[in-house]
1. What are the residues in the range 304-328 that are part of a helix (DSSP H, G or I) and not small (Gly, Ala, Ser), if any?
2. For the range 1-35, what are the residues that are within 13 Å of ILE88 (Cβ to Cβ), modelled with pLDDT of 90 or more and out of contact with any helix residue (DSSP H, G or I) (no Cβ under 8 Å at 6 or more places or on another chain)?
3. Restricting to the range 192-227, name every residue that is free of Cβ contacts under 8 Å to residues at least 60 places away in the same chain and farther than 22 Å from SER321 by Cα.
4. Within the group GLU331, GLU366, GLU336, which residue is touching a strand residue (DSSP E or B) at 6+ places or on another chain (Cβ under 8 Å), in a helix (DSSP H, G or I) and surrounded by fewer than 22 Cβ atoms within 10 Å (Cβ to Cβ)?
5. So how many residues does the range 128-159 have that are under 17 Å from ALA281 (Cβ atoms), outside any helix (DSSP H, G or I) and in contact with a helix residue (DSSP H, G or I) (Cβ under 7 Å, 6 or more places away or on another chain)?
6. May I ask you to list the residues in the range 1-43 that are farther than 17 Å from ARG357 by Cβ, touching a Gly at 6+ places or on another chain (Cβ under 8 Å) and part of a strand (DSSP E or B)?
7. Looking only at the range 271-287, decide whether some residue is without any contact (Cβ under 8 Å) to a residue 40 or more places away in the chain and either of a type in the set (S, T, N, Q) or under 29 Å from ASN311 (Cβ atoms) (or both).
8. Just checking: which of the strands (runs of 3 or more DSSP E) contained wholly in the range 190-278 hold 1 or more residues that are within 22 Å of the chain's Cα centre (by Cα), charged (D, E, K, R) and in the same structural domain as LYS110 (by TED's automatic domain parsing)?
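The values are calculated or read from the model by the stated rules, or taken from the named source; none is laboratory data. Note that this is a predicted model, so its numbers are computed, not measured. FYI the Cβ positions are ideal-geometry reconstructions off the backbone, even for glycines, and counts take in every protein chain you see.
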Amino acid sequence: MKRYAKNIALVLFKYFPYGGLQRDFFSIAKELKERGHSIKVFTRTWDGAIPSWLDVIEVGEKGITNASKNKKFVENVIFEVKKDCPDIVFGFNKMPGLDLYFAADTCFAKYSSEKHFLQKFTKRSKQAIQYEKDVFSKKSKTKILLLNSIQKTDFTDVYETPEDRIQIIPPGLDRNWLNVESFNIRDELKISDKDKIMLFVGSDFSRKGLDRAVLGLEHLLDNHIPTSLIVIGDDKDSDYLELITKKNLVSRIKFMGPRNDVASFMKSSDILIHPAREEAAGNVVIEAIIAGLPSIVSSEVGFSEEILKFNSGYVLKGTFSQKAFNSLLAEAISDENLDKIRLSIRNIRNRDYFFSRFKFVADYIENNFL
C-alpha cells in the first residue's frame, strides 16, 4: 500500500527535556519527520532548544492555576489547529478534538475515586474527568495508544472504550541510550565498597514513592545490610529532609538532581527501587533491563508486567504495605538473588522489542489514517 505524507499536529500541554512523556513525544515527532510527514507542534510552553526541523507554536500560558491554564490552552489550541487544517491531531495529554491520543498517564477517574471524596468536586478534578471522557468514552472517535495491559484494564473498566479504538504499543528506548561515559560512582560520591547501591529515578518524588524508598533503606540498615540510596530527579529534596534527618540517614542518601547520564548510574548500582503510588508505565524499568540492573517495584507501576514477563526483578503484588515491601527488598538485595536476576537480564536486554515503540507508532499512523 502506498503511503502519503500527512500534515500532523502534535499537541501537548508543555515540553521540558527530562519528562518521560516529553521524550516519547520528541522521538515520535522525529520518526514521523524522517518519514517525510509535515509536523507542527502546539504547546503552552517549550523549555529548551527547539531543533531546526521542528515547527513549534507556543500558545502561551494564561490563567493562574494549572486547571485554568489547561482550559485556556485547549480553547486556544482547538482554534489554532483548525486554522492549520491538519490531517491528524495527535495529542499527548487528554483533551477534546483529538484523532489520536498517546496515553502516558494513568486513569484519572480510577485513581481519584481512591482519594478523598471531596476531591472530585474541585475544578481540577472536574476538568480532568471531562477531558478523559472526551478521549475514552464510547461516544468518542479518538483512537488510543496505551503502554500496557494494566492501563487498558483501568480505562476500559471505567469507560467501556471499544476494543477497536485501542492499541497497546511496545517500549521505546533509544539504542544509543547506554552509550554514555561511565564513571566510578563509589569514588565520585565516596560510597563504601561494602555498601549496596539503591537507585531511585523520578521527577515527582511523592508519586514515585521516595518516602517508601527511604523507609526501605532504614529497614536494610536496621538489619545490618549496609546500603546507600542515590536519588535522581527534578523535585525538591527539602520536602524529605525532615524524614531523612529524623531517621538519621543523611549520610546514606545522595540527591543528584536531574541528570542526562542515568545510564552511568544504572551501570554502577545494585538495584533500582521504584515503589510508586501511581505510574502509568515507568520507562525507568525498561532502562534498568537494558542496563542489566535488577529492579524492585510496586504493582502500581505499569511496566511491572515486563518485570514479571522477563524475570528482571521483584514486584510487590497487591495493595502496598511498607512492611511487606521492606521484607521483599531485603530478600531482593541479597548477592545471590541479584546475581540470578542479572543473569536472566543478560539474555534478553538486546531484543528489538525494547526499542520498537517509535517505529510502531509511525507505522500505526500510516496504516490507520489514510
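1. We begin by selecting, within the range 304-328, every residue part of a helix (DSSP H, G or I); these are 304-310, 322-328.
Listed by number, the residues that qualify are GLU305, GLU306, ILE307, LEU308, LYS309, PHE310, GLN322, LYS323, PHE325, ASN326, LEU328.
2. Selection gives ALA29 alone.
3. Taking the range 192-227 first, the residues free of Cβ contacts under 8 Å to residues at least 60 places away in the same chain are 192-195, 204-205, 210-211, 214, 217-218, 221-222, 224, 226.
Listed by number, the residues that qualify are SER192, ASP193, LYS194, ASP195, PRO226.
4. Working: GLU366 fails: touching a strand residue (DSSP E or B) at 6+ places or on another chain (Cβ under 8 Å); GLU336 fails: touching a strand residue (DSSP E or B) at 6+ places or on another chain (Cβ under 8 Å).
Only one candidate passes the filter, namely GLU331.
5. Residues in the range 128-159 being under 17 Å from ALA281 (Cβ atoms), outside any helix (DSSP H, G or I) and in contact with a helix residue (DSSP H, G or I) (Cβ under 7 Å, 6 or more places away or on another chain): 4 in total.
6. Those that are farther than 17 Å from ARG357 by Cβ, touching a Gly at 6+ places or on another chain (Cβ under 8 Å) and part of a strand (DSSP E or B): VAL11, TYR15.
7. Residues of the range 271-287 without any contact (Cβ under 8 Å) to a residue 40 or more places away in the chain: 282, 285.
Applying the additional criterion that residues be either of a type in the set (S, T, N, Q) or under 29 Å from ASN311 (Cβ atoms) (or both) yields 282, 285.
Within the range 271-287, one or more residues are without any contact (Cβ under 8 Å) to a residue 40 or more places away in the chain and either of a type in the set (S, T, N, Q) or under 29 Å from ASN311 (Cβ atoms) (or both).
8. Working: elements: 196-201, 227-232, 253-257, 271-274.
Filter on the range 190-278 gives an empty set.
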